Number of protein chains: 2
Amino acid sequence: MSKQQPKFEIRDKEQLSVDLIEAQYALKDSRGKPNAKSTLILMSGIELAGKGEAVKQLREWLDPRYLRVKADAPRMLTDTEAFWQFYSEFIPTEGQIVVMFGNWYSDLLVTATHVAEPLDEARFDAYVENMRSFEQDLKNNYVDVIKVWFDLSWKSLQKRLDKIDPSEQHWHKLHGLDWRNKKQYDTLQNLRRRFTDDWYIIDGEDETQRDQFFAQYLLQNMRDLPEHESEVKGKWQQAKIPESLLKPAQEKLDKAEYKKELDKLSKRIADSMRFDKRNVVIAFEGMDAAGKGGAIKRIVKNLDPREYEIHCIGAPERFEARHPYLWRFWNRINEAEKITIFDRTWYGRVLVERVEEFASPLEWQRAYDEINRFEKDLFDSQTIVVKIWLAISKDEQEQRFKAREETPHKRFKITAEDWRNRDKWDDYLKAAADMFERTSTEYAPWHIVATDDKYTARLEVLRAILKQLKAD
Amino acid sequence: MSKQQPKFEIRDKEQLSVDLIEAQYALKDSRGKPNAKSTLILMSGIELAGKGEAVKQLREWLDPRYLRVKADAPRMLTDTEAFWQFYSEFIPTEGQIVVMFGNWYSDLLVTATHVAEPLDEARFDAYVENMRSFEQDLKNNYVDVIKVWFDLSWKSLQKRLDKIDPSEQHWHKLHGLDWRNKKQYDTLQNLRRRFTDDWYIIDGEDETQRDQFFAQYLLQNMRDLPEHESEVKGKWQQAKIPESLLKPAQEKLDKAEYKKELDKLSKRIADSMRFDKRNVVIAFEGMDAAGKGGAIKRIVKNLDPREYEIHCIGAPERFEARHPYLWRFWNRINEAEKITIFDRTWYGRVLVERVEEFASPLEWQRAYDEINRFEKDLFDSQTIVVKIWLAISKDEQEQRFKAREETPHKRFKITAEDWRNRDKWDDYLKAAADMFERTSTEYAPWHIVATDDKYTARLEVLRAILKQLKAD
């Protein structure tokens, strides 16, 4: 499945520059339109093959204002952070081009060649597969990822090392590799061949070709503005709506008993979250007035406000909406405290965005797998993802809405939109049913908690968390 | 000048909550309006005095969605980072409330009590003065800073330490202080009295009072929505427009000579920026077509694209505009590479925003001092700020505009807006003159470079940078 290497020829520089600028402006003008996209360029390669020079030349040919360069020294991959976490903030926004000199592949290479604990081939390949899935998800969400390997033969590399200007030498120490060592060079070449199948390989031997081919490859990408497809082939398999959603359980709990149990469980929750080495993400979804706020209060009851963060998720800000829908969650997870609670979540993609048609069928149907991969990455990097759906009956919701309207300090909790959402009750149930079926995974199962009786619900939420922390 | 301590009484909890929510919603609804503001709460105090509990209670009384809690362990102040740099990202956006448990004062306290190198009183007081100026600038830009010290007597502290739940003890190690040590307690109290003059001091003895008074103090602040004043008292002293702006020098440089000198200077630039320990910020302003792009190209000629970052500054995004105007620059500086170049800058406040009346007279007239303080903070934290104004004559600009319109790959550089700005030529000159007079400081002087002859201009820019790097 090796990538067909594109063929280019040397062109008139002036004309190439005009073409680049025009394509760049078309890309930029796509912002907010049905053919919007952004371009992420991952650059890796042999030292002194001319990555830097090629970008420098590119910056002269196009308008540098819409080209952002990110350069980070490679970092070891760890098992407490997904490979994308360090970089996700810099995923380009619609219309933008970002060049990443340091990227997940350079991290993979330093990790694989680490003297003390090199990666074995199976893990190496697993990483590559994971990275490709991530890039495909980006592409599906209108971030093109183009990958360019700057190659250089052993002989030419040695010649260039001989001639290098001393003031520039510090660059060539950055990557922690000894480029005078033939064995290391060969190892690196063998390793990179395990992932460069779908890369464009540029030979750094000839400088003009190098800069021109790189620019022309980018040009080709920029000109290819996608029509955001929205139609799906095939019929959607609607999942059966679970009984627990249609008729949430109605047991009532006695207040005294509740208080006693609550005390016990909330203490246990605080203790187990504190002493678990893993991070905890708790994700709440459910109809309006199902009691998310109340449940959250009980979770944090015995925690200090400095130990957790609560994110209440509404419609995305404009700058957020110009990124893949998961982007704003990546960023919140990246800077997260140990315990992070989401009052509404990334599942908005397959709930409100589906029901309100903010996402096309193709987009929301694709999202289940994307979300599963996202949560798997969190799970694999020592984060427990607890997902809770609070199930309320339609009657109980109506009563709570009315009560809210009548209680002054609760009035802010009820708006006209809540009543409108209620009209779409059945659509939301369907969407929820599909969501449970497709995203209840072993590593991040859904907990459906009946909430008509608030006392029972709150205890059930605590028990669900304890269960996933294996502290029950 | 000790702050008048506000007096509160215990109120009905239900009613207090209603009032808080209403005030919070009024604050939130102020976004984008002429009375918009945000509230930043800095909390410090004696351990176990109940900061955490007070915020927890607050979160129950108001809508937690618009209250963000930031909690960072105190960090030592260093001479390579201004005290606000770590926190500036979290300065609240209009309508928002942010609580900072870790803040510049807690950093100051750990720095001052550091065993090996305690701060002397003069430096301590200098920090406090600097912090107050920063907070005043925030307030002037519609971020209220309210500061609350949670106090607790030595006796009560010891009693509470005796009773503490072991699972919570890790909190009380965070601050690196031994709260069983009376001498340390006294030192801390003496130190904090050097800055708590303008703080609200809450006694943590009585829990109900503590939570209520804290909430009521916040309520008082939230209710006080500012009318953004715009009128200024007194007449503006317009600076004389320097000859160098009215009639930029016209010497011409021979191409061969230029090339030779450029080669030499751009190498020296690259070397000195690389080997200087300090960071470098290069700020460009000037009329359209004055040659900012060309000058930047020559600065980075011998640098690798990974060594610097170029920020082209246009109108702020909406989420940026909801913060103090310096906010987006704080953030760019915070994540900056060693060498950061701004194509247009924070001086937009006193140039385009003044001329186009996006900022009120009060706002832009206040900005000179704010900007000076900002640059002084950078200078004090080992950053060289080089400011360059490219001076072009009106005739030369017209010729360049026309040339741009006629050259395909330069056409993107010229828009109708450029022609419109040209109509306001004299207003911009006046604004520039005032800017030079008020912001040309010893630590960050302006360099006015005549640019009708591009060759001369580019070399002059390089010389100006070398001069400030003391490498000329």
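In table form, for the structure just shown:
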read-out	value
Filter result for B:VAL115 (surrounded by fewer than 20 Cβ atoms within 10 Å (Cβ to Cβ), more than 12 Å from every other protein chain (Cβ to nearest Cβ), more than 28 Å from the chain's Cα centre (by Cα) and more than 22 Å from B:GLN220 (Cα to Cα))	yes
Identity of the residue in region B:98-112, over 23 Å from B:ARG322 (Cβ atoms) and in contact (Cβ under 8 Å) with a residue 40 or more places away in the chain, that ends up surrounded by the fewest Cβ atoms within 10 Å (Cβ to Cβ)	B:VAL110
Selected residue (criterion: surrounded by the fewest Cβ atoms within 10 Å (Cβ to Cβ)) from residues of region B:6-30 that are part of a helix (DSSP H, G or I) and basic (Lys, Arg)	B:LYS13
One residue from A:ILE296, A:ILE371, A:ILE341 being hydrophobic (A, V, I, L, M, F, W, C) and in contact with a Pro (Cβ under 9 Å, 6 or more places away or on another chain)	A:ILE296
Helices (runs of 4 or more DSSP H) wholly inside region B:235-340 containing at least 3 residues that are crowded, with 16+ Cβ neighbours inside 10 Å and assigned by the TED database to the domain that holds B:THR415	B:255-275, B:292-299, B:327-334
Residues (out of contact with any Lys or Arg (no Cβ under 8 Å at 6 or more places or on another chain) and in contact (Cβ under 8 Å) with a residue 60 or more places away in the chain) located in region A:225-235	A:GLU227, A:HIS228, A:GLU229, A:SER230, A:GLU231, A:VAL232
Matching residues, region B:69-112, being hydrophobic (A, V, I, L, M, F, W, C), under 16 Å from the mean Cα position of the chain (by Cα), over 22 Å from B:MET222 (Cα atoms) and part of a loop (DSSP other than H, G, I, E, B)	B:ALA82, B:PHE83, B:TRP84, B:PHE86
A:ASP423 vs. criteria more than 14 Å from every other protein chain (Cβ to nearest Cβ) and in contact (Cβ under 8 Å) with a residue 12 or more places away in the chain	no
Members of region B:312-340 found to be more than 9 Å from chain A (Cβ to nearest Cβ) and closer than 21 Å to B:PHE412 by Cα, listed by number	B:ILE313, B:ALA315, B:PRO316
Per-region count, region A:360-412, residues under 30 Å from the mean Cα position of the chain (by Cα) and within 20 Å of A:TRP446 (Cβ to Cβ)	26
Given (1) buried (at least 21 other Cβ atoms within 10 Å of the Cβ); (2) touching a residue at least 24 places away in the same chain (Cβ under 8 Å); (3) more than 14 Å from chain B (Cβ to nearest Cβ), number of the condition A:ASN372 does not satisfy	(1)
A:THR93 more than 9 Å from every other protein chain (Cβ to nearest Cβ) and out of contact with any helix residue (DSSP H, G or I) (no Cβ under 9 Å at 6 or more places or on another chain)	no
Selection within region A:137-171 - surrounded by fewer than 14 Cβ atoms within 10 Å (Cβ to Cβ) and modelled with pLDDT of 90 or more	A:TRP154, A:LYS155, A:LYS159
Set A:ARG332, A:ARG298: member being closer than 21 Å to A:ALA270 by Cα, modelled with pLDDT under 95 and in contact with a Ser or Thr (Cβ under 8 Å, 6 or more places away or on another chain)	A:ARG298
Identity of the residue in region A:269-286, among the basic types (Lys, Arg) and more than 10 Å from chain B (Cβ to nearest Cβ), that ends up nearest to the chain's Cα centre (by Cα)	A:ARG278
Candidates A:LEU58, A:LEU108 - the one that is within 30 Å of B:LYS410 (Cα to Cα) and in contact with a helix residue (DSSP H, G or I) (Cβ under 6 Å, 6 or more places away or on another chain)	A:LEU58
Residues that are part of a helix (DSSP H, G or I), out of contact with any strand residue (DSSP E or B) (no Cβ under 8 Å at 6 or more places or on another chain) and within 14 Å of B:MET131 (Cα to Cα), drawn from region B:187-203	B:ASP197
Failed item, numbered, when A:LEU62 is tested on (1) at pLDDT below 95; (2) away from chain B (no Cβ under 13 Å)	(2)
Residues of region A:4-51 that turn out to be within 12 Å of chain B (Cβ to nearest Cβ), touching a residue at least 24 places away in the same chain (Cβ under 8 Å) and either small (Gly, Ala, Ser) or closer than 23 Å to B:PRO408 by Cβ (or both), as a count	13
Qualifying residue in region B:291-302 (condition: under 28 Å from B:PRO92 (Cα atoms), more than 11 Å from chain A (Cβ to nearest Cβ) and of a type in the set (D, E, K, R))	no
Listing of helices (runs of 4 or more DSSP H) fully contained in region B:402-472 that carry 3 or more residues being within 25 Å of B:SER266 (Cα to Cα)	B:454-468
Residue match in region B:296-305 (condition: free of Cβ contacts under 8 Å to residues at least 60 places away in the same chain, among the polar types (S, T, N, Q) and more than 30 Å from B:ASN141 (Cβ to Cβ))	yes
B:LYS430 being modelled with pLDDT under 95 and over 22 Å from B:ARG463 (Cβ atoms)	no
Residues of region A:206-216 satisfying the condition of being surrounded by fewer than 14 Cβ atoms within 10 Å (Cβ to Cβ) and either touching a Phe, Trp or Tyr at 6+ places or on another chain (Cβ under 9 Å) or of a type in the set (Asp, Glu) (or both)	A:ASP206, A:GLU207
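The values are calculated or read from the model by the stated rules, or taken from the named source; none is laboratory data. Bear in mind the structure is a predicted one, so any value in this text is a computation, not a measurement. Using ideal geometry, Cβ is built from the backbone for each residue, glycine included, and neighbour counts are taken over all protein chains shown.
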